[in-house]
1. Shielding by partners for B:145-153, please: the mean number of other protein chain Cβ atoms within 10 Å of each residue's Cβ.
2. In region A:58-86, whose amide N lies under 19 Å from the spot 7 Å out along Cα-to-Cβ of residue A:39? List them in ranges.
3. How many percent of DSSP beta bridges within region B:109-175 run antiparallel, rounded to 5?
4. Among A:47, A:93, A:156, which one shows the biggest mean-square fluctuation in a GNM of chain A, springs joining Cα atoms closer than 10 Å?
5. To the nearest 20 debye, what charge dipole does the protein assembly as shown have about its Cα centre, counting +1 at the Cβ of each Lys and Arg and -1 at the Cβ of each Asp and Glu?
6. Between B:29, B:38, B:149, find the one with the highest GNM mean-square fluctuation for chain B; connect C-alpha pairs within less than 10 Å.
7. What percentages, rounded to whole numbers, describe P(r) for chain B computed over all alpha carbon pairs with 10 Å bin width beginning at zero?
8. In a shell of Cβ-Cβ distance under 10 Å around residue B:38, excluding residue B:38 itself, what net charge do Lys and Arg (+1) and Asp and Glu (-1) give?
Number of protein chains: 2
Amino acid sequence: MSRAPVTDPGQAPLSDSAASDTERALAHAAEHCEAHGARFTAARRRVLAILLAQQGQPLTAYQLLDLLREQQPGAQPPTVYRALDFLMRNELVHRIESTNSYLPCNHQHCGHHHPEGEHWPQFLLCDRCGETREVPLDNALRQALTRQARDYGFEVGARPLELHGLCPGCRAEHE
Amino acid sequence: MSRAPVTDPGQAPLSDSAASDTERALAHAAEHCEAHGARFTAARRRVLAILLAQQGQPLTAYQLLDLLREQQPGAQPPTVYRALDFLMRNELVHRIESTNSYLPCNHQHCGHHHPEGEHWPQFLLCDRCGETREVPLDNALRQALTRQARDYGFEVGARPLELHGLCPGCRAEHE
DNA sequence: GGTGGATATGTTATAACATATCAATAGTGG
DNA sequence: CCACTATTGATATGTTATAACATATCCACC
């Protein structure tokens, strides 16, 4: 697959609002970890910060590694994968299976009320520009999916759904 | 990931009904290719036959390669991947993204009427035993998914949905 | 029946994605 | 401070998939 160019937070400084969004997300992550007795170390923070700088464009582990090496030249694949594992266990990052890439969790949805159980994310992926948007899976839809699976005897859980297509911008260009 | 043991059609002969299901599917595939001017060669047939022998357990490309080598000792990764590409292009095999594995298409659903457009498959995957079942995605559900994506400005297409959970048998054992 | 273009396969190498292992170090509770 | 555990460093390897180029086969046409 073709992927969008990456943003290096070190050499291409973000706009003020993007930077403060990142700071807010990092602060939120730190609190979240603290609350769960998990250590939000410098390595983990760096990895999350890089992902946050991409503005909706997921990175592959090795793209992330290249960026991380600018701050930490000795970084190796396990450095990245360990940080990603940690961040995923703590619901700060999602893995996008269909593109082998990683995206920071969108915590806008965390406050939403999900009477049917845990958060069940859904990703809308643009096949043209790579933009990947996390949106909440509608309750009616989640119930319908669960019910349909149960009709076949399966008990399904809240793994993210990945829907591919064109984002608004690319739809317009594509006319 | 743990995966179920593979079935080698050569050394563990199938029951009569399974064998005839396989033969029927192969004959159907041959016709389908003929009708589309695509060549259903021996290599492609062998790969599809191996997948059909697995009875709902998808295989990874390299598991497939190992089995293929029993019939064709010189087979290499591209041998398998080319056959898989062909079979996928001709809608005879699906790739399961969440497990990097391959499953023959279930042609039971082909006759169904899909007023909303092309076939949009859905897979129910058992995380315990690996059983993977292809079922049709309900029209109401597909409309709801399409509509919800459109609310966010995305135009999504018919990529398969992969829902993970427990199959009926494993639910029972799991009590 | 030869020839040439298209399609398919063989063969080697490598890219891309991910984990195992073990030693060194840093943080934490007693 | 000590022992314990989590984390990181470093090296190697496993797994999944494709690039690149040579050769073989098919088939339409002359």
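1. Counting other chains' Cβ atoms within 10 Å and averaging over B:145-153 gives 5.
2. A:75-76, A:78-86
3. So the antiparallel bridges amount to about 50 percent of the total.
4. The residue that fluctuates most here is A:156.
5. Charge dipole of the protein assembly as shown: 580 debye, to the nearest 20.
6. B:149
7. For chain B, the binned pair fractions read 9, 33, 36, 17, 4, 0 percent.
8. Net charge in that neighbourhood comes out at +2.
The values are calculated or read from the model by the stated rules, or taken from the named source; none is laboratory data. No experiment lies behind these values; they were computed from the predicted model shown. So basically every Cβ, Gly included, is an ideal-geometry build from the backbone, and we count neighbours across all protein chains shown. Side chains are part of the model used for accessible areas, which takes the heavy atoms of the whole protein and leaves out ligands, DNA and RNA. Shrake-Rupley method; radii C 1.70, N 1.55, O 1.52, S 1.80 Å.
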